[in-house]
Every structure is written in C-alpha cells, then in structure tokens.
Amino acid sequence: MTPHTELINDLLKLAVDSGASDIIIKSGKPGYVRLSGRLNAVDMDAISPEETEAFVAEHVPKVFAQSWVELGQVDFAYFTPEVGRFRVNAFQQRGMASLVFRHIKAIIPSFEQLGLVPDSILPLAKAKDGILLVCGANGSGKSSTMAAMLNWINQNLDRHIITLEDPIEFTFQDEKSVFQQREIGLDVPDFALAIRAVLRQNPDIIFIGEMRDRETFETAISAAETGHLVLSTMHAGTVAQSLTRLIEFFPPEQQLIARRQIAGSLRGFICQRLLPALEGGDRVPVNEILAADATVRNLILEGQHEKIQGLLDAGSDTGTYSFNRDIYRQIKAGKVSKADGLRFSPNPQALEMNLKGIFTKTSA
C-alpha cells in the first residue's frame, strides 16, 4: 500500500469508527469529518497537495481518468476492506485536489433503524407503476431512505429492478427480487444512453440515482405510463419546491401538458431533513410526505400548489403530512428538542402554536 493511500485509509477508519458521515480533504489542511451534521478538524498533520493528487491518480477508475484531467472533477466509488465503501467526489480548487468521501454503510438499514414510519412509506413503495421521488438537500439521508425502500421491496416482492447510479452506493443481494445495478461511466457511458435503453431491459422497477434534467424526467414519465414504477431522488427541500422543479424542467409553453403528465404519473413525494438527536448520536429524520390521490392530482392540474400545502398541514389517512407535523411527533416522542424543532421548522410560528395545543383548521 502506498504511503498516501495508507494515510487516507487511516483517516477514513478514524472517521468511520467515530460515526462520521463525511470526510473532507483539502490539500494543505488536516482532514475534516462531519459528525451529527457538524464539521470537526482531525488532530493530524496537513495532507499535502501531492498526497491528495496521488490518491486520485491511483484510485480513480481508468475510464474516468481523462475526465479528471480535462474537467477537474470526478465521482467514483472507493472500497477498502479494512474500512468499507465510500462515494467519492474529487475536484480541483485553486489548482489543487480536494476530496469528499461519503461513507456507505455495508448493511442496508431498515425503516425502523433509520427512525422512519413504515406505515407512511410502504403504501408508496408498493405502487405497481408511477413515479415516486425522495427529496432533500445534500446530506439529508435520501440515499439511506431509498435503500431501505428498495431493500423492503427486495425482501417482500418479486420484481426485476434496474438501477442507474453515479456511482453505485448500496449494493443489493437478490432475495425475492432480481437487481441489475448499472454504474454510469463503468457499465454504460452516460445517463442519456442508460435512460434510453432501460425500457428495453424488461424492468418492473427503475431506480434513477438522481432526477437531474428534462430528458431523465420525460423517460421516467414514459416508463410510468407503460406500467413501470420509477424511483428517484431530487435536490429539493419541500414538496412545493419538488413540484415546482419538475414543472420547470419544461419551457412555459409546455407546462400545461407537463402538469397533465405529472398529475397522471406521480405517486408521491417523500421529502426529508435530519435534525440533531436530543440525546446525541445519529441525527433524527423528519419527513414531509405527499401521497398523490385524486385531490392532489386535480390541484396539480389546476396549478393550485398553495392548497397542496394545506393538505400537508392537515394530514390525512393516506400518509400525507407536513414537516411540522413530523417535527411535532418527534418532539413529543422525546427524540428532538423543542429548540431544534423550531430552528429547523419551515414554519416555526405554526409549530409553536401546535406545541401549545393550538391547531388551525389546516394544520390539525
């Protein structure tokens, strides 16, 4: 093992043993780890630009080497038997290499281990067709929630599942389902080609690592309309933002048609944030979930997004509820402090009223 690889592996082991979710390496600085959402410097010597660059040169897959040279950034997976698997983003800043590692746990977590409410998620995961999106900011636990959903399907349903990922994060062993996991750049040159080919590969479920552009979304709609279930993630903080992003994939003159397609194919949104745990340790997920029933579909068609927020605030028997309702639940369960709940709430004034036992007609 080369000295630079040994140095970085030691840092990764220290981070994982400490429970860190992310490791950040900036040339000329010591390593940094993210613990419970907070950034901490590691007590170590600075990692030199030469060591960082040498690590990338040694471990970036050959197929991505030219991209690293030409574009100055690259995503790839890194595995070391002593520590585990990581998603890596390497990039240049001020002419020097930087690295960000995200630790991918070897054991796929269950809903219960993540602190999620299965009764709210399983009706969406059991859909036979349509589009289901898990949304949130970077580091909000989207990948873990999606992996838990896919693993539940794997354990309980017989499905042919094709994943398109950049890079592959969690790896699945076939149980009742059959998985085909395709890594962009290694198994197929790019997303566009993978997306065009996937409908010819006889899938029941298609998992697209990220809903990133109009072409991807149009393929997802086509798949949903022909009887497939499409699962994907998207960078958006709330249901309202997620819905707006989907519509804005299309130019204004096509948005009415887009609304019709979204209303017909959407099965739901699961939006997620991670809040500090009251007793320390792993952060606590809170969710905003929209199940797309007939009422929701009509509101999407009519462009009445503000009324969708009212449905979220009110909650329902279909598993639709807002962030405030889930934060309220976690505070009452003793999992999250009132101060953190108010700090992360999208509407702290309404949450404060809820905690006092005061609910408006649209939030109870």
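What follows draws every value from the coordinates through simple rules; no lab data is involved. Note that the structure is predicted; figures quoted are calculated from it, not measured. Cβ: placed from backbone, ideal geometry, glycine included. Neighbour counts: every protein chain shown.
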Q. Where the centroid of each part is defined by its Cα atoms, how far is segment 30-108 from segment 151-200 in Å?
A. 24
Q. Using a simple charge model, +1 on the beta-carbon of Lys and Arg, -1 on the beta-carbon of Asp and Glu, nothing else, what dipole does segment 111-355 show about its Cα centre, in debye to the nearest 20?
A. 460
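Quick check: net charge around MET96, other residues with Cβ under 13 Å of its Cβ, Lys/Arg +1 and Asp/Glu -1?
Charge balance near MET96 sits at 0.
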Q.
Please compute the length gained on full extension between GLN92 and ALA339, using 0.36 nm multiplied by the number of residues separating them and subtracting their Cα-Cα distance.
A. 85.1 nm
Q | Entries of LYS29/LYS62; LYS128/LYS176; LYS332/LYS356; LYS142/LYS332 with Cα pairs more than 22 Å apart | A | LYS29/LYS62; LYS142/LYS332
Q | Separation of the ASP129 and MET1 label points, Cα + 7 Å toward Cβ, nm | A | 5.1
**Q.** Per-selection metrics, the chain (Cα): Rg and Dmax in Å
**A.** 21.4, 64
Q) Arranged by the count of other C-beta atoms within 10 angstrom, fewest first, what order do GLU53, GLU70 take? A) GLU70, GLU53
Q: Set the Förster radius R0 to 35 Å, insert the Cβ-Cβ distance between GLU50 and GLN181 as r into 1/(1 + (r/R0)^6), and round the FRET efficiency to 0.05.
A: 0.50
Q) Between GLN304 and ASP17, what FRET efficiency follows from the Cβ-Cβ distance if R0 is 35 Å, with the result rounded to 0.05? A) 0.10
**Q.** Residues HIS160 and ASN40, FRET efficiency given R0 of 41 Å [Cβ-Cβ distance, rounded to 0.05]
**A.** 0.40
